[in-house]
Every structure is written in C-alpha cells, then in structure tokens.
Amino acid sequence: MVSPLPVPSILRLSYRSRWLYWLTLPWIVPLFGYLLLGSAYWHHLGHFLGTTLTIWALASLWMLSLDWATTVVVQRFPHLSQTWQRVLLNALACSVLSVLFLGTTTVLFAYFQPFGSQLTFRQITSEMGVLPEVRTWLSQVAGLSLSSEWVTVLLYTLDFIVILLLAMVYEVFYSLGKWQESKLNMERLRKVTLQGQLQSLKNQINPHFLFNSLNSLSSLIADEPQQAEKFVDEMAKVYRYLLQTNE
C-alpha cells in the first residue's frame, strides 16, 4: 500500500493560524459575500454556494500567506527583547496581505461579475474604495446613516484596529510558546542537575560501602570463617538488589 505523500509545510497552518482560521472565516466569508453581491447573495442557492466557496478559497490563501509571513518574522526576530520589531513587522505584513486579499477579491467580482454580481469599478471608485453595500449594511444592521467620507474613515479605522489586533494575537501565541519552552528547559535542567547529584552521591557511597564491607570480611575470615561465608552471601544479595534497582 502506498503511503500518502506528506503535505508541504507551506500548505499547513500553524496552531495559532488554525485557531484564527476557524474563528474568523465562518463569519468573514458570508459577510464579504453579502457586501459583494448584496441581497442577491441570499436569494439564489447557486450564487450563494459559488460566492462562498470562491471567497473561502481566497481567504484560505490569505491565511496561509499570513501564517508564512509571521513565521518568517518570528524566525528573523526570535527574542522576547525584539517584541516591538515583531509586532510592527507582523502588523505591516497583515496590512499588505489583507489589502491584497480584499483588492483581489473585489477586482475579481467587479471585472468578471460571477454569480450574478452587479459590482462595477465605477461604483468602487465613486465610494472611494469602499464597497457600495457597506453603507447599506451600516444603515440596515447598525442603524448608522453616514456619508461616503465617514463610511470610508470608519471602515479604514476598523481595518486598522483589526489588523493591529491580529498582530497582537500572533504575538500572544508566540510569547506563550516561548514561556512554555523556557519552563520546559528549566525542568530539563533541574532533572539533569538532580541526576548528576544522584550519580555523584552513588559514586561517593558505593566505593566506601565496598571498602568497609571488604574490611569486615577480612577480619571475619580469620576469626569466624562460617560468619565470613554468610557475610559474603548477604553481601552478594545486597549487590544483586542494587543491580536490579539501579534505575
């Protein structure tokens, strides 16, 4: 039976990214689908499934690229004293990759207009880079009636906050991992130290024990041969026990 080929590491999410993946994508994908298609996203099953799968695939690539970028940053700045370098570079990486994800998805739906999309480049440029449905969503769901300028400011501010929080989440996971690693190293060092102390104690006790036993045996051989023979048997039992329980 041929064993399956291992998945390349670049196609596997780390623990922190898997946690974020399943926490964020289930609500980001349908929300973005609604903002791209409007109410038509919910009214046609084929459009709903096609849009959802397309956005989910692009979002998965986005998460993979985020995971790869943050891993590179961590390898470049691994020490806890370099926390601010990691946070700033991770925030920059998250910003660039998020813009690429949002821009690519928006351009794809505006240019090809798949799954009944009515989005056009004219609508995007007239709203200063904000999807037209954003204002509708804010008005209907959040009860906010804002001009295009305020919608743009609000949206980009929220994007900045989310990206900063994402970078901080990556840093929290990394710091916790380093703390656990440090704790394990301390436990290993403590174990090695105790083993060394135990071995040193054994090395000190065993020669003295053997030396004293041989002296006692020497005195018994001349005076009490039978006791000497019994002493040898008991001494053999003691060393047999030590060999059996050496670990």
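The values are calculated or read from the model by the stated rules, or taken from the named source; none is laboratory data. These numbers were taken from a predicted model, which means no experiment stands behind them. Cβ atoms come from the backbone with ideal geometry, glycine included; neighbour counts cover every protein chain shown.
Values for this structure:
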| read-out | value |
| --- | --- |
| Filter result for THR24 (in a helix (DSSP H, G or I) and farther than 18 Å from GLY177 by Cα) | yes |
| Conditions (1) buried (at least 18 other Cβ atoms within 10 Å of the Cβ); (2) without any contact (Cβ under 8 Å) to a residue 24 or more places away in the chain: number failed by ASN90 | (2) |
| Only one of VAL153, VAL141, VAL72 that is surrounded by fewer than 17 Cβ atoms within 10 Å (Cβ to Cβ), out of contact with any helix residue (DSSP H, G or I) (no Cβ under 6 Å at 6 or more places or on another chain) and modelled with pLDDT of 80 or more | VAL72 |
| Qualifying residue in the range 187-196 (condition: under 30 Å from LEU20 (Cβ atoms) and in a helix (DSSP H, G or I)) | yes |
| SER81 being hydroxyl-bearing (Ser, Thr, Tyr), surrounded by 13 or more Cβ atoms within 10 Å (Cβ to Cβ) and either assigned to a helix (DSSP H, G or I) or modelled with pLDDT of 90 or more (or both) | no |
| Output for the range 93-107, where each listed residue is polar (S, T, N, Q), surrounded by fewer than 18 Cβ atoms within 10 Å (Cβ to Cβ) and at pLDDT 90 or above | THR104 |
